[in-house]
Amino acid sequence: MTSPTVISGLRELATRYDVLLCDVWGVIHNGRESFPEACAALARFRAEVGPVILISNAPRPHPPIVEQLDSLLVPRAAWTKLVTSGDATRALLAERAPGPVWAIGPERDAVLYEGLGLRFAEPADAAFISVTGPYDDEREEPLDYRDRFAGCVARGLELICANPDIVVQRGDKLIYCGGALAELYTALGGRSIMAGKPHPPIYDMALADAAAQLGRPLDPARVLCVGDGLPTDIRGANARGLDVLFVANGIHGGETVGPAGLNAAVVKDLLRQEGLTATWAMADIVW
């Protein structure tokens, strides 16, 4: 397995690609503040090259995520369209209405269920489970759900996970996401279903948006995926056969980026351990 080519700026790839499918959390913000150089680089790509489709595993439909980006001072010039795991997941939930559903997640994710005609229930009375993340992602961890999950597995309930991310960086802290709960549910013998990265539905939506923006069919060889998550961004791009730019200074920044900058050998080893490949790598997105 060859190492990804380390680049110094997005400008080096501007003539190779027509479209960017770009991750959000860890690439253009950390949940508390945006990354100005990354935003400026995406804005320049959009202005001079082509569409920037943000592709996020946020478990809510995209309108509240647009508001979040605005609040974090991510300029709208930096992106063309936004597709979320919540957008893709709503179709899965609608197929199972009226449920009832045991919905796990913080109150802020309630918008995911609006207008779907679902009824809500406790685990013992639910027909399936929907997970956006822990109820309290600052304090809870997956094992807090083990006993309740074991009972649901015994009843054969499916789990719909609206956010396949295992962890995400919030400021300088890693917090558990919906994917960590789905991982536990699967380990206990249950069936977990996801629409977000690395699974096909969210890529179908993002690529359709990109083609609509271009006004012509896409050439997959000229689509570049950008992200920092190995099990989501990188695996999803690999499964789709798309080139990928690995942003090292995200989830894996503590391992891959030191005082001397990006450590290409560590990046190569991380990818090898996961059976993944990346075409390009850089520490942070800059032009």
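The values are calculated or read from the model by the stated rules, or taken from the named source; none is laboratory data. As the structure is a prediction and not an experimental result, all values here were calculated from the model. Counting neighbours? That spans all protein chains shown, and the Cβs are built from the backbone with ideal geometry, glycine included.
Assorted remarks:
- Looking across ASP204, ASP233, ASP228, ASP243, one residue alone is over 17 Å from ARG46 (Cβ atoms), of a type in the set (D, E, K, R) and surrounded by fewer than 18 Cβ atoms within 10 Å (Cβ to Cβ). It is ASP204.
- When the residues of the range 14-44 are filtered to those that are aliphatic (A, V, I, L, M) and surrounded by fewer than 20 Cβ atoms within 10 Å (Cβ to Cβ), the one that is farthest from GLU138 (Cα to Cα) is ALA14.
- Of the residues making up the range 40-64, those that are in a helix (DSSP H, G or I) and closer than 19 Å to THR132 by Cβ are HIS62, PRO63, PRO64.
- Check on ALA78, in contact (Cβ under 8 Å) with a residue 60 or more places away in the chain and either closer than 21 Å to VAL168 by Cβ or of a type in the set (Asp, Glu) (or both): no
- All of GLU67, GLU37 fail the test of being in a helix (DSSP H, G or I), of a type in the set (Asp, Glu) and without any contact (Cβ under 8 Å) to a residue 40 or more places away in the chain, apart from GLU67.
- If you go through the range 17-49 and pick out every residue that is closer than 19 Å to ARG170 by Cβ and either aromatic (Phe, Trp, Tyr) or outside the structural domain of ALA206 (by TED's automatic domain parsing) (or both), you end up with 2.
- Scanning the range 106-132 for residues that are small (Gly, Ala, Ser) and within 15 Å of ARG90 (Cα to Cα) yields ALA110, GLY115, GLY117, SER130.
- Residue identified as closer than 30 Å to GLU33 by Cα, touching a residue at least 12 places away in the same chain (Cβ under 8 Å) and assigned by TED's automatic domain parsing to the domain that holds PRO59 among CYS225, CYS177: CYS225
- Where helices (runs of 4 or more DSSP H) sit wholly within the range 190-266, those with at least 3 residues that are at pLDDT below 90 and not aromatic (Phe, Trp, Tyr) occupy 253-256.
- Residue satisfying all of: in the range 80-95; surrounded by 14 or more Cβ atoms within 10 Å (Cβ to Cβ) and among the small types (Gly, Ala, Ser); nearest to GLY26 (Cα to Cα) among these: SER85
- Some residue of the range 58-79 being among the polar types (S, T, N, Q) and surrounded by 20 or more Cβ atoms within 10 Å (Cβ to Cβ): no
- Comparison of ALA212, ALA239, ALA187 shows that the only residue that is within 29 Å of LEU13 (Cα to Cα), free of Cβ contacts under 8 Å to residues at least 12 places away in the same chain and among the hydrophobic types (A, V, I, L, M, F, W, C) is ALA212.
- Meeting the requirement of 3 or more residues that are closer than 15 Å to ILE193 by Cβ and out of contact with any Ser or Thr (no Cβ under 6 Å at 6 or more places or on another chain), the strands (runs of 3 or more DSSP E) wholly within the range 90-163 are 128-131.
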